[in-house]
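What follows draws every value from the coordinates through simple rules; no lab data is involved. Predicted model only: the values in this text are computed from it and were never measured. In this analysis, Cβ positions are derived from the backbone assuming ideal geometry, glycine residues included, and neighbour counts consider all displayed protein chains.
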Amino acid sequence: MKKRYFFALWLILLAGTGLTAQSGMDIPGTNENLSRGKTGTVEVSRKTLVPLKRIALFSSGVAYFEHQGDVSGSARIDLPFKIGAVNDALKSLVINDPRSPSPSVSYPSEETLYRTLKSLRIDLSGNTDIAELLRGLTGAEIEVYTSSLIEGRILGIEYRSMTPVEESFPRGSPEAWLSLVTPLGIRAVGLREINRFVFKDPEITADLNRALDLIRDSRVSDTRNLRIELPGSSDRNISISYVIPAPVWKVSYRLDLSRDKPFLQGWAIVDNAGDVDWNGVELSLVTGKPVSFIQNLYPPYYVTRPVLPLAIAGAAEARTYDSGYAPIQADRSAAKIRSAPQAEYAEESYSAAAEMPRPAPNVAGGVMETARPSIAGEQFEFTLRHPVSLARQQSAMLPLVEGEVGVEKVLVFSGANAANQGSTHPVIGAELTNTTGMRLPAGPITVFDGGTYAGDALINFFPEGEKRLIAYGDELSVNGSVNSSISRMVSAVTVSRGVMTISRKMIYEKAYIFKNNSRERKRLILEHPLTLNATLSEPASFYERTDALYRFILALDAGGEHYFTVKEERPLAERITLAQLGLESLVSYASNGEIPPAVRAALTQGVELQQKTVAAKTALTALETQRTRLIAEQDRIRRNLEAAGNQSIQGQDYLRRMAVMDGEIDALNTAMAEAEKNLRDAQNNFDVFLGSINL
């Protein structure tokens, strides 16, 4: 059984590895072969070419590449990737090698250049000028050539404001001076006086050349190498695969309506955007929407860790402990866990690795040899019948599908457009049935009819066996318009326990008018937009329905007009507590012709009872008003009596008048008590009656 090593577990970062420029390649390939053998205990591996055998382009913006070939003994394979593809390569790289015990992958990290430059004796990691370079080499031995040779050790760099001697050095500009420790003492030499200088330590010169090489290579190359080492001692067949970003493959169709049986032809458009030629590869085109994302696996990632004091620092803390209880004995056998051997777990992991989908057996094609369709998980895969060769940075059209399809010509009229634009024309369209046996990707369709170009259409993803409308022009000989109206009617009224429920219908009516000015009978599909929360009441059925509209089939006679009405109903419900209605509102409902007669009769009886309640309340209010007036008059007379005195003639008159008023107030109190009883009885009769209605 082949072991499949998923290299998210085997990636090894080699510290100090330099960047390698390889012509910007993003698909591996090399013609360099090195001898294989052993010198002492050092094994020399061979740099191996593993040809590209298979490519699968996905509609989600990635591509699956698979290399396959024979290796002998230990092998080294370099995989150069564009920088933007390294994260995806690290996430998806898979190798199948049946006899390599410990494969490994190494690559220069994103910080390799910076860290390597920082590690050299000459630091060129920043924007370094000559003065900064020499400052960083304090203590190094150097030979400086001016008008004479000066040998010494670098002490430092200082800047002096010099008196100008040339126009190129304005007054006050600082000039860098090199301080040297020489056998004759410390000397300062202006940098502009130095013709050249040489480091006496050859390792410094070597580091300088290496730093310059690294900087040069990093600027001319946008690739990073993943180096695979496959230790081994036998001949074997291996495969390497990965997923990296790639241009989305596209599709375009041609539909010929001129034939007795309409014919559909589809072409796939693919792009080789890499810097390596495709030579005789097996190409598959996959349609679907798999989850695909980028994760930053390439750059080093550091986490912040807390700083803890040393364990040996300080004195131990004094502690006291409470007395404990004896533990309760329990059977711990249930807590024992049996662990599987690590080797067995690893073997199961390898065997569980899923292989990439393979093409299905051949499917009969038409005149043109098109792709073989097959199911790839939840996606659909087209595999080209012959190997594909495509030069780098080139694109190609490749045959995808060809065959007869079910087509019926039809006009399509948009009710939504007519409502917004007024009189408008239907579009010329066709109702396609996918009889190709394939799931067709979305794309443009160029339509031919009568031996010439008829128009362009668009189609979304098209499953096999499904019907789909396309539109490729306007039919100017037919026009249509629509008139809209909204009405409301009572559909039912019920009364229970004093609550009246009125059920109404909102009726949305649209009257379509079509005029066919041609000499041919036309078949038309009317697309009527759905009304929210409404149901179709007229006509009784429809041809098709989507989430947003109904479709109806109409036949338009030549030279005539056609009328078509669509009605939709939306229910409304109103709940009314009768006891809370005023007399006028209750009278209005009792006289409303939309209310059923039985309910109106009950409401009329309720009106009579409410009128009695209102009359009783009016009578009580009149008595209360009269009593209030008498009490106010008594208060006035009482104040006058206090002013005139009760012994005066006027005072005696006030006393007599107050006595009469007292009698009147007593009579009113008796009348008010009777009036209050009448009101309570009337209100009770009204409430009991309303509660007893059940219609």
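Assorted remarks:
- Ranked by how many other beta carbons lie within 10 Å on average, peptides 390-403, 622-635 from highest: 390-403, 622-635
- Rounded to the nearest Hz, the phi-derived 3J(HN,Hα) couplings of segment 267-281 under the Karplus curve 6.51 cos²θ - 1.76 cosθ + 1.60 (θ = phi - 60°) are 10, 9, 10, 10, 10, 9, 8, x, 10, 10, 5, 8, 10, x, 8, where x marks glycine and proline.
- By average C-beta atoms within 10 angstrom, highest first, the peptides 292-302, 488-498: 488-498, 292-302
- Distance violations [Cα-Cα > 31 Å] among Lys261/Lys522; Lys505/Lys617; Lys53/Lys467; Lys289/Lys510; Lys250/Lys510; Lys91/Lys467: Lys505/Lys617; Lys53/Lys467; Lys289/Lys510; Lys250/Lys510; Lys91/Lys467
- Per-pair calculated FRET efficiency, R0 = 45 Å: Ala659 and Glu608 via Cβ, rounded to 0.05: 0.55
- Here is the list for segment 520-618: trypsin sites (Lys or Arg not before Pro) lying in DSSP coil, each with at most 12 other C-beta atoms within 10 angstrom of its C-beta, are Arg521.
- Maximal additional length on extending the Ser485-Thr304 stretch stands at 58.3 nm, based on 0.36 nm per residue less the C-alpha distance.
- Overall, segment 583-692 carries a charge dipole of about 180 debye about its Cα centre when +1 sits on the Cβ of Lys and Arg and -1 on the Cβ of Asp and Glu, all other atoms neutral.
- Given in Å, the Rg to one decimal and the Dmax to the nearest whole number for the Cα atoms of segment 478-580 are 18.9, 67.
- Residues with amide H under 5 Å from that of Thr146, placed H, sequence gap 5 or more: Asn195
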